[in-house]
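The values are calculated or read from the model by the stated rules, or taken from the named source; none is laboratory data. Everything numeric here is computed off the predicted structure, so don't read it as measured data. Backbone-built Cβ (ideal geometry, glycine too); neighbour counts: all protein chains shown. When the accessible area is computed, the model is the full protein with side chains, heavy atoms only, and any ligands, DNA or RNA have been set aside. Shrake-Rupley method; radii C 1.70, N 1.55, O 1.52, S 1.80 Å.
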Amino acid sequence: IPNPELVDIWYTTNGSILPDQNIISLWDKFKLVFFEVSIDGVGDRFTYLRWPLTWEKVRNNLLTLKSTGPVNLLFRINHTLNPFNVLYYNELTDWVE
């Protein structure tokens, strides 16, 4: 990509796969990297709603990326409300904060 410093890149993911270090090292060259994660809850609720994924795996992936990613990495959370999580939205917002 010519002039990557002028380009924003976006990822939308369920957070189950941590990008490898080769990909993460390329992100430094770009203007901004948006990493949008689609999660519908935290803890056991996440595991129930997104089975066979586990909350621990996704949580660890996000925390690892937060601590090792470049300064131009921005996180976004995409949350879908449904009958199984609508009363627990605050759990997700508390975790994000």
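Before moving on, here are some points about what is shown:
- The lone criterion from (1) part of a helix (DSSP H, G or I); (2) surrounded by 16 or more Cβ atoms within 10 Å (Cβ to Cβ) left unmet by Lys66 is number (2).
- Residues located in segment 1-42, provided they are open to solvent by 40 Å² or more (accessible area, probe 1.4 Å), under 15 Å from the mean Cα position of the chain (by Cα) and hydroxyl-bearing (Ser, Thr, Tyr): Tyr11, Thr12
- Restricting the first member to segment 58-82 and to residues that are more than 16 Å from Ser38 (Cα to Cα), and the second to residues that are of a type in the set (Val, Ile, Thr) and surrounded by 12 or more Cβ atoms within 10 Å (Cβ to Cβ), the beta-carbon pairs closer than 8 Å and six or more apart or on different chains are Thr68/Ile24; Gly69/Ile24; Gly69/Val33; Pro70/Ile24; Pro70/Val33; Asn72/Val33; Leu73/Val33.
- Within segment 43-54, considering residues that are under 18 Å from Leu81 (Cβ atoms) and aromatic (Phe, Trp, Tyr), the one least open to solvent (accessible area, probe 1.4 Å): Phe46
- Residues of segment 25-52 that are assigned to a helix (DSSP H, G or I), touching a residue at least 40 places away in the same chain (Cβ under 8 Å) and over 16 Å from Ile1 (Cα atoms): Gly43, Arg45.
- Scanning segment 1-55 for residues that are aromatic (Phe, Trp, Tyr) and out of contact with any helix residue (DSSP H, G or I) (no Cβ under 9 Å at 6 or more places or on another chain) returns Trp10, Tyr11, Trp27, Phe34, Tyr48, Trp51.
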